[in-house]
Each structure stands twice: as C-alpha cells, then as structure tokens.
There are 2 protein chains.
Amino acid sequence: MERHVDQELKELKTDILKMGSFAEEAIYKSIEALKNREKELAENIIDSDMNVDRLELAIDEKCIDLIARYQPMAKDLRFITTGMKINAELERIADIAVDIAQRTIEIVDKPLLKPLVDIPKLAAIAQNMVKMSIDSFVNGDIELAKKVLSQDPEADNLRNLIHKELVEDYMVKDPATTPRAVQLLLIARFLERICDHTTNIAEDVIYMVQAEVVKHHPERLKNDK
Amino acid sequence: MERHVDQELKELKTDILKMGSFAEEAIYKSIEALKNREKELAENIIDSDMNVDRLELAIDEKCIDLIARYQPMAKDLRFITTGMKINAELERIADIAVDIAQRTIEIVDKPLLKPLVDIPKLAAIAQNMVKMSIDSFVNGDIELAKKVLSQDPEADNLRNLIHKELVEDYMVKDPATTPRAVQLLLIARFLERICDHTTNIAEDVIYMVQAEVVKHHPERLKNDK
C-alpha cells in the first residue's frame, strides 16, 4: 500500500524535475540569444528568473513542511534534505543563465568576433549534465550520477581552450577585440560553473544513495571513468 | 530548563562559526598570497580546503541526525535547515578562495601590474560580509542581515570599476599585460561572488527569522538601505 508520504515525495520529484527543466531552458535560451544576437530573448531570460525563484521557495517550503508533518526517518529524510540542496543548486544554475544573458546584452550590438563553435558546445555539455544529474536524483541512479562526474574534466578542458584562444588569438593580437572577447571569456567560465553545480548535485545523489562520502573524493570513482 | 536539543543546537552554531572562520581566513590568505607573490601560501590554501570539506560534511550529518533524533518542530527545524544551507554557502566561499589561489599561482612569477588597492579593498568587504552574515545567523539578527544586503551594491560597483580599469587602461592600451590582467579581472569577479554568497546567507537568515519572503525581493528592504 502506498503511504501518503510517498505521494508527496513523488510530487517533490516532479517539482525538482520542473526546476531542472527551467534551468536547462534558461541555459539553452541564453546561448541562442548570444549566437543570434537577440537582445529581447536575453531580456526575457532575466525576466523569467522570477519564476525559478518562486518555484525554489515553494519547493523549500514543501520540504520543510514534509519533514514537520511526517517526521520521516533515515531514507526519506535524506531524500528530502538532498532535494533541498539540489533545489538550491538549480536556482544557482538559472542565475548563471541570467549572468550569461547580461553579458550577451553587453555585446549584442557589436559584431560577433567569429562564428561561435566551442561556447555552444560547452553549453550543450552543461545542459546535458543538468539533465543527467536531475534524472540521477529522481531515479536514485548512481551510475548516471557518476557519468555526470566523469564529464566534468571535458568541460574544464573546453573552458581552458576557449580562454586560451580568446586571450592569445584575439585580445593580445588585436586589442580592439578585448572588450568583446572578455565577455565571451566570462560566458565560457559561467558555463563551466554550471557544470560544477551539476557535479555537486551528482555528489549529493551518490551520497544520498550510498551514504558514502564520495563528495570531495572523486578519486574513489577512478575505476568507473 | 535547557532541553537536550538546545545544547546540540548551540554546538551547531559553534560549528557554523568555525566554518565561517575557515572561509574568512581562506579569503584573507588568498589575497595576501596575491599581494605578496607567495606561491607557497597559495598552495597552502588549496591544501587546507580539505578541512573545510570535511567540516561541511560533518555539519550536514549533524543536522540530519538532529532532525531524525529530535523531530524538531517549526522554529528549531527551520534553524537546522537554514544551517544546512548556510553550511553549503560557506563551503562554496572557501572553494572560491581556492579559485583565487589558483589564479594567483598563474601570475605569481610575473611582476604585479601595479600596486593592488581595489582588489584588497573588495576582499576586505567580502570578508566582513562573511563575518556579518554568519553573526546574523547565530544571533538571529535581522538588522545585521539587512546590513549585509545593503553592502552588496558597493561590492558590485567596485568589481565593475576594477573590470573597467583592467580592460581599458591595461588590456586595450598594452596587450602585453592581458594575460596577467585577465587573472586579476577573474579574481575581482570571484570576490564579488563571495559577496553574493553572503547575501544568500543573509536572505536565508531573514527568511528564517521573519518567515517572510525577502529572498528574491530585495526591494522590500529598500527603506532600510
């Protein structure tokens, strides 16, 4: 027989999935705005962040309320507190999409330095890591969470590559490009920070499922990479 | 008569204060390393981050354990869940000090662009905001939390000033300075991000005390600024 609390935990999962979709969509739109020089779309992302903030608060309240009403033990309690943490991570990810939109607005009136390839690639990795990390939470899927962790070095490398190219091939060689190139450099860093947030989520999931301290000890996953 | 749970909540406060001290110290040392070109100190910050990570996990476990054992109601429960959030924020702040230390190591062998004034100033603001935000939590002091929020625009402005000066007066005018200037620009952004984390803490404290949604509605505090 399904307990009442199970129904409410299902609703919590649905809310977190929705929060994840908001975050993914914000990342996608922010890079579309950058690629296509769409100021309105960038502004739209900034305005929509309110909805994410509202949902974050609602989820938080639901979690506290669940704990107060059901006084859940071990497994359910850990699921709820992990949900609260992931909720906060997703809100930060959506905030970073706002940061990207703001940087985009700064350069939207100026010509692109070059066709963007690596930044959209990094954005796609970030979006996919968000999706996988949330799915790993909802399904308690440790293997998927480990996959998120294993993708982070790729994101780091791509970010470093973008940084190096912008500094060496643009800013140093042609200083007139610097104000624009700096914005792109920041956007690449923002995307990589999103990936870092997804690894936080993945670590929380692994910790929740295994109650084992993988957090801060990624080397313990070495054999799985 | 003091309840058992009160004693344990006191210990939680002490732990969070300790976590705050770690974070403050890491910020201070990272800027000392930058100012004085001390590679060893920068490396020391990176190594010490393990201690912060360990304390974060211990605090998290204590919080879950407190909830499971005492099944606290309303006020205590909200205090504990807020403690968990603040704990995560402090761990991120210490991580950002590591980011600063890593940027410092990149430029430690090269001469300083100029005597650093604004970056240490921004670091001092960040450190003070960390201290105030944690004190506001421990003492449930809303006025102090609002003071943290009111300082954020100053940090934003200083960050923008540093950004503008580095791009316009250094990178564009003398591209040979660009690789170093970019690192300083990132460090300024890191410091400002620390300030953002302290405003998250302050908002959590206000929310905890007032159970009023100030979060994401800073305009409600306008009259206090």
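The table for this structure:
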read-out	value
Segment residue B:50-residue B:3, extension gain: residue separation times 0.36 nm, minus the distance between their alpha carbons	13.5 nm
Inter-copy spacing of residue A:32 label points, which lie 7 Å from Cα along Cα→Cβ, given in nm from shortest upward	5.0
Under-5 Å amide H pairs with residue A:108, H placed in peptide plane, nonlocal only	none
Relative contact order for chain A, counting Cα pairs under 8 Å that sit 6 or more residues apart, in percent	25
Residue mean of other protein chain beta carbons inside 10 Å, B:121-131	0
Hz values of 3J(HN,Hα) by residue in region B:159-176 - Karplus curve (6.51, -1.76, 1.60), Gly and Pro given as x	4, 5, 4, 4, 4, 4, 4, 5, 5, 6, 8, 10, 4, 6, 6, 9, x, 5
In Hz, Karplus ³J(HN,Hα) per residue of region B:109-120 (6.51, -1.76, 1.60; θ = phi - 60°; x = Gly, Pro)	8, 9, x, 5, 4, 6, x, 7, 10, 6, 5, x
Inter-chain shielding of A:64-72 (mean C-beta neighbours from other protein chains, 10 Å cut-off)	4
At R0 = 35 Å, FRET efficiency that the Cβ-Cβ distance of residue A:114 and residue A:150 yields, to 0.05	0.70
Modelled FRET efficiency - R0 45 Å, residue A:37 with residue B:43, Cβ distances, 0.05 increments	0.55
FRET efficiency, residue B:211 to residue B:139 (Cβ-Cβ, R0 22 Å, nearest 0.05)	0.80
Hypothetical label at residue A:13: residues of region A:104-134 whose amide nitrogen lies under 14 Å (7 Å Cα-Cβ projection)	A:134
Cut-off 17 Å, label 7 Å out along Cα→Cβ of residue B:61, residues of region A:82-115 by amide N	A:82
Cα-derived Rg over Rh, computed across the protein assembly as shown with Rh taken as Kirkwood radius	0.96
Kirkwood Rh and Cα Rg combined as Rg over Rh, evaluated for region B:8-142	1.07
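A short reminder: the numbers here are calculations on the coordinates, not readings from a lab. The shown structure was predicted, so the numbers you read here are calculated from the model rather than taken from an experiment. Methodologically, a virtual Cβ is constructed for each residue, glycine included, from the backbone with ideal geometry; neighbour enumeration extends over all protein chains shown.
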